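Data first, discussion second: the structure below is written as C-alpha cells.
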Amino acid sequence: MPLQGTLQNYDWGGTQFLPEMLQLQVEPGKTYAEYWMGAHPKSSSNILVNQQLIPLSKAIQNEPTRFLGETIHLRYGGLPFLFKILDVQQALSIQVHPSLAEAKEGYEREDRAGIPIDAPNRNYKDRNHKPEMMVALSDFWLLHGFCSPEMIASRLDEIPEFSILKPLFNKDGLQAVYQFVMEMETGDAYYWLLPLVKRAIRKKKAGELHKSDPEWWIARMYANDDEPATIDKAIFSIYILNIVQVSPGSAIFQGAGMPHAYLEGQCVELMSNSDNVLRAGLTNKHIDVPELIKLTRFETTFPNVLSENAGLPCETNYPVPVDDFALTRIQINAQFTYAHTSSSPEILIVTAGGVIINQQLVLKRGESIFVIPGTEYQISSSGEATLFRAWVP
C-alpha cells in the first residue's frame with residue numbers, strides 16, 4: 001500500500017534535501033528536519049487503501065491482526081517501530097533515552113504527579129524505550145558515548161578552562177564532574193567558557209581545526225558572534241563524548257543510557273515507537289538534571305560502526321540488540337530481482353533510483369510503501385536502485 005509520511009520542521013533541519021527527495025516545493029525560510037513513516041500518535045503516516053488515504057494508526061486500530069499480524073498485535077498493541085529520514089544541518093540536543101523499565105516507571109510516576117502528557121516539563125511521553133539505529137546517507141557526524149578516562153583526563157589537563165575539574169575527576173570520577181557542570185549557574189558557566197569559545201572561533205578562522213576536533217563544532221555553533229551573549233554549558237560534553245564519523249552505507253546503534261547527539265549529515269533512522277528523550281543541553285527544551293544523571297551510563301564507549309557490504313546486487317542487514325525492529329538495505333540493478341515474503345508489517349522507502357513492485361507499482365526516490373504480514377512481492381529496476389526496509393524480527 002503506498003504510504004505518505006509526515007514532515008517535522010525542527011530548527012536544526014536543512015532547506016533542500018528532504019523537499020528534493022520527496023519532490024516537494026520548497027517554502028522560503030522553512031527547515032525540513034525529519035520525515036516520519038509510521039503510526040506514532042504525534043504524527044501518523046497515511047496509507048492508500050481502496051483508493052482512499054487513511055491514517056496508518058487508524059487502519060491498525062480498525063484491523064490490528066490484518067495490519068500487524070496476531071503475534072505482534074498481542075505483544076506490542078501497535079506498530080513497534082518508527083522509521084525516519086533525517087537532514088541534520090545544526091547539532092541536535094545532547095540526549096539519552098530510558099530503558100523499557102525506566103520508561104514505564106517514569107511515565108507512571110509523572111502520571112501520579114499529575115503532569116499533563118503535553119506539558120513542556122514532562123520527561124516521559126509514553127511507556128516505551130527508544131533504542132535507535134541510524135544508517136548514513138551522506139558523510140555523517142555525531143557524538144556517541146563517553147571517551148576513555150585517559151582521553152578525558154588528557155583534555156582536562158590540556159584545556160586551561162577545564163583544569164578546575166581535574167581534582168574532582170581524580171577523586172570522584174566522570175559522573176561527579178558531569179553533574180557539577182550540569183548544575184553550574186548559567187552566569188558562572190558563561191564566564192568560565194567564554195575564553196574557550198573565543199579561542200575556538202579564532203582557530204577555526206585560521207584553518208587550524210578539523211571536524212574531529214571538539215573546537216570545530218563549538219566554533220561553528222558561535223560562528224556568527226565573536227563575543228556571544230550566551231553560551232550553553234553543554235558544549236563541555238563535546239570534549240568528553242566520542243566524535244564519530246560514519247560513511248554512507250555504514251551504521252551505528254544507540255541504546256538506553258547512551259549520551260549522543262547528531263551533528264551533521266543525512267541518514268535513515270529506525271527506532272522504537274517512542275518520544276522519550278532526556279536532554280543534556282544544546283536545546284531550548286526542558287532539562288531535568290537529576291533524572292538525566294540517573295539514566296546516563298557513565299562508562300567508556302568504543303563506537304561500533306557497522307560497515308556496509310560492498311557490491312551489487314545485495315541485501316545488507318544491520319543487526320540490533322532489541323526485538324522491536326530490524327533494518328535492511330536492498331540494492332538492486334537490472335540483472336537482479338529482489339523476491340521476499342513479509343513475516344511482519346514492513347515499511348520500505350526508495351532512497352536512490354526507481355523500482356517496480358510486482359510489475360505494477362512504480363516507486364521513485366522518496367516514495368514508500370506499507371506491507372502487511374504474509375505479502376509476497378518482487379522488486380525490480382531498470383537501473384541501480386537502493387531501498388531501506390523496516391520490519392519486526
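The values are calculated or read from the model by the stated rules, or taken from the named source; none is laboratory data. Keep in mind that this is a model prediction, so the values were computed, not measured. Cβ coordinates were reconstructed from backbone atoms using ideal geometry, including for glycine residues, and neighbour counts include every protein chain displayed.
Some observations on this one:
- Within segment 363-393, considering residues that are polar (S, T, N, Q) and in a strand (DSSP E or B), the one surrounded by the most Cβ atoms within 10 Å (Cβ to Cβ): Ser368
- Single residue of segment 324-362 satisfying the filter (part of a strand (DSSP E or B) and touching a residue at least 60 places away in the same chain (Cβ under 8 Å)) that is surrounded by the fewest Cβ atoms within 10 Å (Cβ to Cβ): Leu361
- Entry remark, segment 274-286: residues being part of a loop (DSSP other than H, G, I, E, B), modelled with pLDDT of 90 or more and surrounded by fewer than 22 Cβ atoms within 10 Å (Cβ to Cβ) number 1 in total.
- Any hit, segment 165-188, residues being over 15 Å from Tyr222 (Cβ atoms), touching a strand residue (DSSP E or B) at 6+ places or on another chain (Cβ under 7 Å), of a type outside the set (A, V, I, L, M) and surrounded by 17 or more Cβ atoms within 10 Å (Cβ to Cβ): no
- Residue within segment 81-90 that is closer than 26 Å to Val362 by Cβ, surrounded by 14 or more Cβ atoms within 10 Å (Cβ to Cβ), within 22 Å of the chain's Cα centre (by Cα) and β-branched (Val, Ile, Thr) present: yes
- Helices (runs of 4 or more DSSP H) (entirely within segment 112-209) containing at least 3 residues that are more than 29 Å from Asp225 (Cβ to Cβ) and modelled with pLDDT of 95 or more: 149-158, 166-172, 174-182
- Search result, residues across segment 110-124 that are in contact (Cβ under 8 Å) with a residue 12 or more places away in the chain and out of contact with any helix residue (DSSP H, G or I) (no Cβ under 8 Å at 6 or more places or on another chain): Glu110, Pro120, Asn121
- Check on Ile231, assigned to a loop (DSSP other than H, G, I, E, B) and in the same structural domain as Thr186 (by TED's automatic domain parsing): yes
- Lone qualifier among Arg365, Arg389, Arg297 - being charged (D, E, K, R), within 27 Å of Ala103 (Cβ to Cβ), in contact with a strand residue (DSSP E or B) (Cβ under 7 Å, 6 or more places away or on another chain) and modelled with pLDDT of 95 or more: Arg389
- Residue within segment 146-153 that is without any contact (Cβ under 8 Å) to a residue 60 or more places away in the chain and exposed (fewer than 13 other Cβ atoms within 10 Å of the Cβ) present: yes
- Test: residue in segment 214-227 that is out of contact with any Cys (no Cβ under 7 Å at 6 or more places or on another chain), among the small types (Gly, Ala, Ser) and touching a residue at least 24 places away in the same chain (Cβ under 8 Å): no
- Looking across segment 79-104, the residues that are within 20 Å of Tyr35 (Cα to Cα) and either small (Gly, Ala, Ser) or assigned by TED's automatic domain parsing to the domain that holds Glu367 (or both) come down to Ala91, Ser93.
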